[in-house]
1. Quick check on the exposure proxy: order W106, W31 from fewest to most C-beta atoms within 10 angstrom.
2. What is the fewest-to-most order of R7, R196 by other Cβ atoms lying within 10 Å of their Cβ?
3. Excluding residues fewer than 8 places away in the same chain, name every one of the lysines whose C-alpha is closer than 17 Å to that of K6.
4. Could you size up the charge dipole of the chain around its Cα centre, putting +1 on the beta carbon of Lys and Arg and -1 on that of Asp and Glu, and report it in debye to the nearest 20?
5. Treating cross-link reach as a plain straight distance, find the lysines whose alpha-carbon is under 20 Å from the alpha-carbon of K244, omitting any fewer than eight places away in the same chain.
6. With a point put 7 Å past each Cα toward its Cβ, work out how far Q78 is from K107 in nm, to one decimal.
7. Out of M117, S153, Q131, whose Cα points farthest toward the positive end of the dipole of the stretch 85-213 (charges: +1 Lys, Arg; -1 Asp, Glu; placed on Cβ)?
8. Tell me, what ³J(HN,Hα) does each residue in the stretch 110-127 have, in order and in whole Hz, if you take phi through Karplus 6.51 cos²θ - 1.76 cosθ + 1.60 with θ = phi - 60° and put x for Gly and Pro?
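Only the coordinates and a few stated rules stand behind these numbers; no lab work does. A quick note: this is a predicted structure, and the numbers were derived from the prediction, not measured. Don't worry about glycine lacking a Cβ; one is built from the backbone with ideal geometry, like all the others, and counts go over all protein chains shown.
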Amino acid sequence: MSEASKRVAVVTGAGTGIGRAAALALLGDGWNVVLAGRRPEPLDEVVATSGAGARALAVPTDVTDPAEVAAMFERAVQAFGRVDLLFNNAGKSLSVPLEDMTPEQWKSVVDVNLNGMFYCLQGAFRVMKAQKPQGGRIINNGSISAYAPRPYSIAYTATKHAVTGLTKTAALDGRAYDIAVGQIDIGNAVTELAARMAKGVPQANGTIAAEPMMDVGIVGQSVLYMANLPPEANVLFHTVMATKMPFVGRG
């Protein structure tokens, strides 16, 4: 049995987009993967596409519900014995002028992007701290928005800045338990969520412009690279982006 086939990953938001790409990359490398997401149908499709058989387990989970998150980690341990990796990926985007945003809209983004990410981070810590051998790795999905906002993105940007705080603190607190925590910040991968960018999105100067994109499979390989690092090494922050997207510079 290979080393990869003994390792167990949990991927949230695994049914579509970046989570799907990461889950397929991990399964393709021989990992056992628990795929978590709100809707069972996309999860089942990823499992079928992977051809990984019993190494892939779909567990429908609402990350905004702490009880469901706890149950998901319990299923993971029951099925595979431990958790070596959490790709903490589930997220929600919203483009609304801040003065028009309702409290319900604000709370819905915070509940997924910040609260849900914390619940999953906490669940992984509890499992990784208790298991033998102790430890593991957590990769939080930040965003280019963890550094620089887009117009009309105050809820998304605020929560992604907060993810950076989660990452730094968890990386510090995880040292005592051999838990490595890092963050991947992604810019303009082709997903359903980001497809609009190729058609034209608001820019900082008030214009509308199409932006360069990259294949989401590249992100999956980036997650796999971070996941396969030896325990003594950690990528604290990893930015992977479309080369020509308008991030570096002024505009």
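1. Least to most surrounded, the residues fall as W106, W31.
2. Listed from fewest to most nearby Cβ atoms, that is R196, R7.
3. Partners found: K132.
4. 380
5. Here the lysines satisfying the reach criterion relative to K244 are K199.
6. Distance between label points: 3.2 nm.
7. Q131
8. 3J(HN,Hα) across the stretch 110-127, in whole Hz: 4, 5, 7, 6, 10, 4, x, 5, 5, 4, 6, 4, 5, x, 5, 4, 4, 5.
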